Amino acid sequence: NAGVTQTPKFQVLKTGQSMTLQCAQDMNHEYMSWYRQDPGMGLRLIHYSVGAGITDQGEVPNGYNVSRSTTEDFPLRLLSAAPSQTSVYFCASSGRPQVYGYTFGSGTRLTVV
Amino acid sequence: AQSVSQHNHHVILSEAASLELGCNYSYGGTVNLFWYVQYPGQHLQLLLKYFSGDPLVKGIKGFEAEFIKSKFSFNLRKPSVQWSDTAEYFCAVNPYSGGGADGLTFGKGTHLIIQP
C-alpha cells in the first residue's frame with residue numbers, strides 16, 4: 001500500500017513550457033485535491049475532485065488544469081508555466097474526509113525560470 | 001467562503017515548555033477541523049481532527065486540541081514539548097455540509113522551534 005504517490009519530486013521548467021504533475025493513490029479514495037504551498041501563505045487549494053469524471057476549482061485555479069479519468073489518478077497540468085507558479089505542490093486523497101481526514105503525498109518542488 | 005487564522009507565525013520554546021498554538025476560523029455553518037504537522041522536508045501528517053462530540057480531542061505524539069464553538073477556535077496544545085516537535089503546524093477546516101469532499105482551507109502556518 002503506497003498511499004499517495006507524486007511524481008516527479010523536483011522539476012525545473014522554463015517560462016512557457018508545459019508539464020503534468022502526477023498524483024496516484026492506491027486506497028480507492030473518491031476525494032482528491034491539489035494544493036500549492038508558498039512561504040508564509042500556508043497551503044492553498046487549486047482543484048479538487050469528488051470522483052472519477054468530476055472536478056471543480058479551488059481557491060487558486062488559474063493557470064492549472066485537471067482531469068479525473070480514473071479513481072486512482074488525478075494529474076495537474078500547467079499549460080504555460082510562469083515564474084509565479086514556482087511552488088511546492090501537494091496532492092491529497094480521502095475515502096471519508098469526515099472520518100479520516102486527508103492523506104497527503106510527499107510533494108513536487110517546481111521551479112519556473 | 002471559510003477562512004482560517006493562525007495567531008503566531010513563529011514560536012520558539014525550550015524543551016519541556018508547554019505549547020499552545022491558536023487557530024480561529026470564519027464560517028457561518030458547521031465545520032470539520034484539523035491540525036496537520038509538517039516536519040522539515042516532509043509532507044503533511046494529520047495530528048488530530050474534530051468532527052463532532054467531545055470538544056477536547058487527543059491526537060498523536062501527545063498533542064490535543066479544544067474546539068470552542070462560541071469563539072470559533074480550535075487551539076492546539078501539548079503539555080511538554082520535545083526537540084523533535086520542531087516543525088510547521090497548520091490548522092485547516094472544511095464545511096461539514098459538503099461531507100468534507102471539497103478539500104481543505106488552511107491557515108498560514110506556525111513555525112515552531114524547540115531549543116534543547
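The values are calculated or read from the model by the stated rules, or taken from the named source; none is laboratory data. Everything quoted here is computed from the prediction, not taken from an experiment. Every residue, glycine as well, gets a Cβ built from its backbone with ideal geometry; the counts of neighbours run over all protein chains shown. Side chains included, ligands, DNA and RNA excluded: accessible areas come from the protein's heavy atoms. Shrake-Rupley method; radii C 1.70, N 1.55, O 1.52, S 1.80 Å.
List of remarks:
- Residues located in the stretch A:72-92, provided they are within 14 Å of another protein chain (Cβ to nearest Cβ) and touching a Gly at 6+ places or on another chain (Cβ under 8 Å): A:V88, A:Y89, A:F90, A:C91, A:A92
- From B:Q82, B:Q42, B:Q38, residue being within 12 Å of another protein chain (Cβ to nearest Cβ), open to solvent by 40 Å² or more (accessible area, probe 1.4 Å) and polar (S, T, N, Q): B:Q42
- Close pairs from the stretch B:13-34: first farther than 11 Å from B:S73 by Cα, partner among the acidic types (D, E), Cβ under 8 Å, at least 6 apart: B:L19/B:D85
- Residue within the stretch A:50-61 that is more than 9 Å from chain B (Cβ to nearest Cβ), under 30 Å from B:H7 (Cβ atoms), open to solvent by 20 Å² or more (accessible area, probe 1.4 Å) and among the β-branched types (V, I, T) present: yes
- One residue from A:Y35, A:Y64 being away from chain B (no Cβ under 11 Å), among the hydroxyl-bearing types (S, T, Y) and open to solvent by less than 20 Å² (accessible area, probe 1.4 Å): A:Y64
- If you go through the stretch A:38-49 and keep only what is facing chain B (nearest Cβ under 8 Å) and either open to solvent by 20 Å² or more (accessible area, probe 1.4 Å) or of a type in the set (S, T, N, Q) (or both), you end up with A:G40, A:M41, A:R44, A:Y48.
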